[in-house]
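Asks: I have a structure here, written as structure tokens, and I will follow up with some questions on it.
The values are calculated or read from the model by the stated rules, or taken from the named source; none is laboratory data. Predicted model only: the values in this text are computed from it and were never measured. Reconstructed Cβ throughout: ideal geometry from the backbone, glycine too, with neighbour counts over all protein chains shown.
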């Protein structure tokens, strides 16, 4: 049976990769992150289906306690550099907070420069962890094939500090198209 699993694993990855081929940016352009189709290496961290019951970051932050299981939806952003270099960690912002448009003079709309007053109450840090609970030491952008303003749904364990900052320790991330 082990040999069957080993032989079928590449086929499963190939099926996932082929399913992703038709997914491009909404305007039809294909970006570099669209080319980052799931591989055997990153497929373990990409949720195959969207977790149910996702709530925006702001609503979760108001009610969640440290150690609770949560399902959160958000857009990658909140800072000029929302990805942590060399680690599978990034910040997300509640989709209800509008990001800045190019015509507002904001060269990096994902930093919410025109909405900075709303970001602290509506943002969280996502930390992708392995089966041992250790933070994955690989850049989330390339590992997950995501970019700034990508909408994600994350299910994991809440870590909330005394200042009200929220981190979600997640084993998988669902990327919305």
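Asks: Which condition breaks for residue 91 when tested against (1) farther than 22 Å from residue 56 by Cβ; (2) assigned to a strand (DSSP E or B)?
Replies: Among (1) farther than 22 Å from residue 56 by Cβ; (2) assigned to a strand (DSSP E or B), residue 91 violates only (1).
Asks: Has the stretch 83-94 got any residue that is surrounded by 15 or more Cβ atoms within 10 Å (Cβ to Cβ), assigned by TED's automatic domain parsing to the domain that holds residue 170 and free of Cβ contacts under 8 Å to residues at least 24 places away in the same chain? Walk me through it before giving the result.
Replies: The first filter runs over the stretch 83-94 and keeps only residues surrounded by 15 or more Cβ atoms within 10 Å (Cβ to Cβ), leaving 83-84, 87-94.
In the following step, the residues that additionally are assigned by TED's automatic domain parsing to the domain that holds residue 170 were identified as 83-84, 87-94.
Filter once more, so that each one left must be free of Cβ contacts under 8 Å to residues at least 24 places away in the same chain: none.
Within the stretch 83-94, not a single residue is surrounded by 15 or more Cβ atoms within 10 Å (Cβ to Cβ), assigned by TED's automatic domain parsing to the domain that holds residue 170 and free of Cβ contacts under 8 Å to residues at least 24 places away in the same chain.
Asks: Given 149, 143, which one is part of a loop (DSSP other than H, G, I, E, B) and in contact with a helix residue (DSSP H, G or I) (Cβ under 9 Å, 6 or more places away or on another chain)? Even if it seems obvious, please write down each step before you answer.
Replies: Numbers: 143 fails: part of a loop (DSSP other than H, G, I, E, B).
Result of the check over 149, 143: 149.
Asks: Could you say whether any residue in the stretch 95-107 is buried (at least 19 other Cβ atoms within 10 Å of the Cβ) and under 14 Å from the mean Cα position of the chain (by Cα)?
Replies: The answer is no, given that none of the residues of the stretch 95-107 is buried (at least 19 other Cβ atoms within 10 Å of the Cβ) and under 14 Å from the mean Cα position of the chain (by Cα).
Asks: Can you tell me which residue among 134, 91, 49 is modelled with pLDDT of 95 or more, farther than 15 Å from residue 168 by Cβ and under 16 Å from the mean Cα position of the chain (by Cα)?
Replies: Working: 134 fails: under 16 Å from the mean Cα position of the chain (by Cα); 91 fails: farther than 15 Å from residue 168 by Cβ.
None of the other options fit; the residue is 49.
Asks: If you don't mind, there's one more thing I want to ask. Would you say residue 121 is touching a residue at least 24 places away in the same chain (Cβ under 8 Å), over 17 Å from the mean Cα position of the chain (by Cα) and not in a loop (DSSP other than H, G, I, E, B)? Give the derivation first.
Replies: On the way: touching a residue at least 24 places away in the same chain (Cβ under 8 Å): yes; over 17 Å from the mean Cα position of the chain (by Cα): yes; not in a loop (DSSP other than H, G, I, E, B): yes.
Spelling it out, residue 121 is indeed touching a residue at least 24 places away in the same chain (Cβ under 8 Å), over 17 Å from the mean Cα position of the chain (by Cα) and not in a loop (DSSP other than H, G, I, E, B).
Asks: Taking the stated definitions as given, is residue 157 in contact (Cβ under 8 Å) with a residue 60 or more places away in the chain, in the same structural domain as residue 58 (by TED's automatic domain parsing) and more than 9 Å from the chain's Cα centre (by Cα)? Quick ask: steps written out before the conclusion?
Replies: Values: in contact (Cβ under 8 Å) with a residue 60 or more places away in the chain: yes; in the same structural domain as residue 58 (by TED's automatic domain parsing): yes; more than 9 Å from the chain's Cα centre (by Cα): yes.
Considered against the rule, which asks whether it is in contact (Cβ under 8 Å) with a residue 60 or more places away in the chain, in the same structural domain as residue 58 (by TED's automatic domain parsing) and more than 9 Å from the chain's Cα centre (by Cα), residue 157 comes out as yes.
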